[in-house]
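A short write-up of the structure that comes next.
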Amino acid sequence: MLEIIVLALIGLSGGDEPRPPGKAELAAITARGRDLAGYDAAAWHASDAVMETRPKPGAFQQYIAQKTAKGWTVAFGRLNEKRDRFLIAYEATQGAKPDRFTVKPFDPPRADAGFVLAAALGIETALADFTNHFEGEQRPYNVYVLPAPKDRLWTYLLPAQTKAKVWPLGGDVRYLVSPDGKKILEKRQMHKSIIELEQREGDPSQLVAGTHSHVLSETPEDSDVFHVLARKPAVAELVCTEHCVFVVEPDGAIKFVGKPDDVFQKK
């Protein structure tokens, strides 16, 4: 018998019901979510490749991943003292296979004043705000930076996976940062509380979808797509808002399913 895991459903309230987002908006959410998943995988495999070279202690302090026409490139380095350059000590470039990266060292480090510098500053800006206003669960977080329209930056803080086969969802924030990485233009709390979704024992084919509720918005979030793509086995996720139900397919595509009353046959 097929099984649907229902984690939580929110109650309905009166008033005018908002229209569900259109295909273009849902496609944009999917694209950002897929890039988040790509960033995460690139950082993981590139870090493994760099560590295989046995870098000197202190050779770099952080990494920045960037999607190019040929695949992902990950720069490992640090900001200089004037904070006007990012000094790249290692650069890992994605090869023919997604999990294969070629590492190129730079001695002396190569200075970057473009996207990598802005991304590093954007991370610091977002982290400062996140730390100063943090009200959630104390746990490790991962940081991601993606290009945004008009040369701005999307900077994300998502809870890191700390247990095998357990994927956290929630407690995440997205920032829109100025092109120089120094100013927050917009802040979006995507989810508040964190839920831990564990891989269930038994036949994975019996699990057709997971479900979680949204209380902060009427649309799926970028991190919903990321979560679906990161979780194994890959299954769809139903996202339930007050007035809408969406499904995030295993490939990250989002579809509007209907109203909660209709989807769950409430009486």
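All of the numbers you see were taken from the coordinates with simple rules; none came from a lab. Note that the structure is a prediction, hence the values are computed from the model and not measured. Cβ coordinates were reconstructed from backbone atoms using ideal geometry, including for glycine residues, and neighbour counts include every protein chain displayed.
Overview of values
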read-out	value
Long-range HN-HN contacts of Leu197 with modeled amide H, under 5 Å	Trp167, Leu169
Two-site FRET efficiency, Lys82 against Gln265, from Cβ-Cβ distance with R₀ of 45 Å, rounded to 0.05	0.10
Length gained when the stretch Thr53-Glu249 is fully extended (0.36 nm per residue, less Cα-Cα span)	66.8 nm
Cα-based reach from Lys163 at 25 Å (exclusive), listing lysines while leaving out same-chain residues under 8 positions away	Lys192, Lys232
The stretch 86-149 shape via C-alpha gyration tensor axes, a/c threshold 1.5	prolate
Unit charges on C-beta of K, R, D, E only; dipole of the chain, Debye	800
Summed residue charge, Cβ within 15 Å of Gly22's Cβ, Lys/Arg positive, Asp/Glu negative	+1
Mean separation of Cα contacts under 8 Å, 6 or more apart, over the residue count of the chain: relative contact order %	19
Inter-centroid distance (Cα atoms) of the stretch 117-189 relative to the stretch 15-73, Å	12
The chain, helix-only ellipticity at 222 nm - DSSP H runs n ≥ 4, -39,500 (n - 2.57), divided by all residues, nearest 500	-7500 deg cm²/dmol
Largest-first principal axis extents, alpha carbons of the chain, Å	69, 42, 35
Packing rank of 172-180, 23-31, where each peptide gets the mean count of other beta carbons within 10 Å, highest leading	172-180, 23-31
Across Lys70/Lys182; Lys23/Lys259; Lys82/Lys182, pairs whose alpha-carbon gap is larger than 21 Å	Lys70/Lys182
